[in-house]
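**Q** Structure provided below as structure tokens; questions to follow.
The values are calculated or read from the model by the stated rules, or taken from the named source; none is laboratory data. If you're wondering where the values come from, they're calculated on a predicted model, not measured in any experiment. A quick note on method: Cβ atoms are made from the backbone with ideal geometry, for glycine too, and the neighbour counts reach across all protein chains shown. To get the accessible areas, we keep the full protein, side chains included, count just its heavy atoms, and leave off ligands, DNA and RNA. Shrake-Rupley method; radii C 1.70, N 1.55, O 1.52, S 1.80 Å.
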Amino acid sequence: MTPVSTFAPALRCVALGATLLAWSAFDALAQTPPHDILNATLWMQRSVEYKANSLSVFALAKMRLEQALADENWTAAPAEQTGAYQKLPPAVVLDLDETLVDNSRFQVWMILNDQVFTPPVWTKFVNAQVTDAIPGAVEFTKFAESKGVKVFYVSNRTAEEKESTRKNVERLGFPMGGNVDTFLMARDRPDWGSAKGTRRAFVAKDYRVLLNLGDNFGDFVDSYRGSETDRLKVFEENKERWGREWIMLANPAYGSFESAPFGHDYKKSPEEQRKAKREVLQSWSGP
């Protein structure tokens, strides 16, 4: 029998190699910069829970649309729908990004490259036309169209990004509006900024808005950029609308919710933004 001591040098080399490999992996992990949207993006892109949630939301939207069609006093644009709107043709107002189309590829690019959102890079992404449809979205819009409901896309993609957006959306199978321009983008007109009230009013002038679907508070109200307290007050004032004429899809990756703690001031550094977000969290005191 060969003495164990004979193998000792080899064993030490194996142990040393394993240790170096472990430290190398740890070092690589340590050099991977943290990114606030990692788990949120993983959930949105890979989980069956996200897909199930989206299908559930659009199933609810179909039921609410049927109810709205049967009730001529129903409107999802209470601030913008004026006059005798009851006899106007029906329409729905839908956001695009993270409501109907999935931009998680852009989020993943930011995570892997330790980047933050910038308009020039976002425009390049839009022009690449690689967004996919969110589960249930195409089916809902086709259902609405089959009921004689005009589908309007009210998006904060810009006028310069409109043509690429149209091509991407058409490729995915969404209704295109026929002879009506149903893509209402930011800066399409001088008074169409990031707040969507003017565009909802544009639709409400000629249509009865039955439903409003979005993933961000600003898809429903123009007072979305206030403090957390202000936002909560507006939310409570419209509590009866949620899940009825206003339907929200889940988007934990980005939106006015995450900028509210730092006052929506994107001039602040990522470290300052993260510090402000951590400070508003409510924690268990611990064991």
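**Q** Find the centroid of the Cα atoms in segment 234-287 and in segment 118-165, then give the distance between the two in whole Å.
**A** Each part reduced to its Cα centre gives a spacing of 24 Å.
**Q** Further question: In square angstrom, what is the accessible area per residue of the chain with a 1.4 angstrom probe?
**A** Values: 16090 Å² over 287 residues.
Here the per-residue accessible area is 56 Å².
**Q** Going by a ≥ b ≥ c, the root eigenvalues of the Cα gyration tensor, does segment 117-213 fall in the rounded group (a/c under 1.5), the prolate group (a/b larger than b/c) or the oblate group? Please report the intermediate quantities before stating the final value.
**A** Working: a/c = 2.01, a/b = 1.16, b/c = 1.73.
Judged from the Cα gyration tensor, segment 117-213 comes out oblate (a/c at least 1.5, b/c at or above a/b).
**Q** Pop out the ³J(HN,Hα) list for segment 66-75 in order, Karplus 6.51 cos²θ - 1.76 cosθ + 1.60 with θ = phi - 60°, rounded to Hz; leave Gly and Pro as x.
**A** Running phi through 6.51 cos²θ - 1.76 cosθ + 1.60 with θ = phi - 60° gives 4, 4, 5, 5, 8, 10, 5, 8, 6, 8 Hz.
**Q** Can you pull the percent of segment 32-166's accessible area that's carbon plus sulfur, 1.4 Å probe, other chains left in place?
**A** Details: 3710 of 6550 Å².
Within segment 32-166, the accessible surface is 57 percent carbon and sulfur.
**Q** Pulled fully out, how much extra length does the chain show between Tyr266 and Arg105, if you take 0.36 nm times their separation in residues and subtract their Cα-Cα distance? Walk me through the intermediate numbers first.
**A** Numbers: separation 161, 0.36 × 161 = 57.96 nm, distance 2.22 nm.
The span from Tyr266 to Arg105 would gain 55.7 nm if fully extended.
**Q** Projecting each Cα onto the charge dipole of the chain (Lys/Arg +1, Asp/Glu -1 at the beta carbon, about the Cα centre), which of Leu96, Leu210, Pro270 comes out farthest on the positive side?
**A** So the residue we want is Leu96.
**Q** Give me the angle, in degrees from 0 to 90, between the Cα long axis of helix 228-237 and the longest principal axis of the Cα atoms of the chain, rounded to the nearest 10.
**A** With both axes taken from Cα atoms, the answer is about 40 degrees.
**Q** Also, I was wondering about something else. Once a ≥ b ≥ c are taken as the square roots of the eigenvalues of the Cα gyration tensor of segment 212-264, is the result rounded (a/c under 1.5), prolate (a/b larger than b/c) or oblate (a/b not larger than b/c)?
**A** Values: a/c = 2.28, a/b = 1.33, b/c = 1.72.
Oblate is the answer for segment 212-264, as a/c is 1.5 or above yet b/c matches or exceeds a/b.
**Q** Another question, if that's okay. What fraction, in whole percent, of alpha-carbon pairs in segment 168-287 exceed 21 Å separation? Let's see the in-between values first.
**A** Details: 3797 of 7140 pairs.
Percent of Cα pairs beyond 21 Å in segment 168-287: 53.
**Q** Set Lys and Arg Cβ to +1 and Asp and Glu Cβ to -1, take the dipole of the chain about its Cα centre, and tell me which of Ala70, Phe174, Val280 lies farthest positive.
**A** Going by the charge dipole, the pick is Phe174.
**Q** Which value in nm describes the separation of the simple spin-label points at Phe235 and Leu42, placed 7 Å from the Cα toward the beta carbon?
**A** Those two pseudo-labels are separated by 2.5 nm.
**Q** Helix 162-172 against the longest principal axis of the chain: what's the angle in degrees, Cα atoms only, rounded to the nearest 10?
**A** It works out to around 80 degrees.
**Q** Between Phe257 and Glu72, 0.36 nm times their residue separation minus their Cα-Cα distance comes to what?
**A** On the way: separation 185, 0.36 × 185 = 66.60 nm, distance 3.36 nm.
Stretched out fully, the Phe257 to Glu72 stretch lengthens by 63.2 nm.
**Q** Mind pulling up the Rg/Rh value for the chain? Radius of gyration and Kirkwood radius, both on Cα.
**A** Values: Rg = 24.3 Å, Rh = 21.5 Å.
With Rg and the Kirkwood Rh in hand, the quotient comes to 1.13.
**Q** I need the peptides 267-276, 211-220, 126-135 ranked by packing, meaning the mean over residues of other C-beta atoms within 10 angstrom, with the highest value on top.
**A** On the way: 267-276: 12.9, 211-220: 23.9, 126-135: 17.9.
Ranked from most to least packed, the peptides come out as 211-220, 126-135, 267-276.
**Q** State the extension gain, in nm to one decimal, for the chain segment bounded by Ser223 and Phe125, taking 0.36 nm per residue of separation less the distance between their alpha-carbons.
**A** 32.4 nm
**Q** While we're on this one: What residues have an amide H closer than 5 Å to that of Asp132, excluding those fewer than 5 places away on the same chain, when H is modeled at 1.01 Å from N in the peptide plane?
**A** Asp102
**Q** While we're looking at this one, here's another question. Would you mind computing, in nm to one decimal, how far apart the modelled labels at Thr198 and Ala84 are, each placed 7 Å from Cα along Cα→Cβ?
**A** In this crude label model, Thr198 to Ala84 measures out at 3.0 nm.
**Q** Work out the FRET efficiency for Met63 and Ala159 from their Cβ-Cβ distance, taking R0 = 41 Å, and round it to the nearest 0.05. Write out the running numbers ahead of the final one.
**A** Working: r = 35 Å, r/R0 = 0.84.
The pair Met63/Ala159 has a calculated efficiency of 0.75.
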